[in-house]
Amino acid sequence: MLELCVCIGSSCHIKGAYNLIQTFQQLIEEKGLHDRIDFKSSFCMRQCQNPGVAVSVDGQIHHVTGGGGVDFFHKEVEARLEGGGPRTV
Ligand code: FES
C-alpha cells in the first residue's frame, strides 16, 4: 500500500491543495487504485517556505506547483506502484 498524503495547512490551501486533492481523488477513482493507495491529508508539513503544495509519497516530501497534479501522479505515484521507483523522463 502506497501512502499518498496532501498537506491541507493554510499555506498549502492557498497554493491549491484543494484542487490537488480533487485531482488525485479523480485519478485514483478512474484507475481503480483505492486498494493500492492510502490517500490522506495532513496539517502543515513544515514546508510552507517552498513553492507549491507539500505532498508526501511514502514519507518522501515533494512540492507540486500549479496544475502539475496529473504529471506528478504519473511520475511519482503510478511509477512507484509499478515497482520501478520514480520515473526520470
Ligand atoms: S501549510 Fe503545507 S507545508 Fe505548511
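The values are calculated or read from the model by the stated rules, or taken from the named source; none is laboratory data. Just so you know, these numbers come straight off a predicted model, no measurement behind them. Please note: Cβ atoms are built from the backbone with ideal geometry, for glycine as well, and neighbour counts cover all protein chains shown. Remember, those area values only see protein heavy atoms, side chains included, never the ligands or the DNA or RNA. Shrake-Rupley method; radii C 1.70, N 1.55, O 1.52, S 1.80 Å.
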In segment 45-64, which residue that is surrounded by fewer than 14 Cβ atoms within 10 Å (Cβ to Cβ) and on the phi < 0 side of the Ramachandran plot is farthest from the ligand (Cβ to nearest atom)?
Gln60
Answer yes or no as to whether Ile14 is in contact with a helix residue (DSSP H, G or I) (Cβ under 9 Å, 6 or more places away or on another chain) and β-branched (Val, Ile, Thr).
no
Which residues, counting only those in segment 1-24, are in a helix (DSSP H, G or I) and either open to solvent by less than 90 Å² (accessible area, probe 1.4 Å) or near the ligand (Cβ under 9 Å from one of its atoms) (or both)?
Ser10, Ser11, Cys12, His13, Ile14, Ala17, Leu20, Ile21, Gln22, Thr23, Phe24
Tell me which strands (runs of 3 or more DSSP E) are completely within segment 28-87 and hold 1 or more residues being in contact (Cβ under 8 Å) with a residue 24 or more places away in the chain and aromatic (Phe, Trp, Tyr), or say none if there are none.
37-42
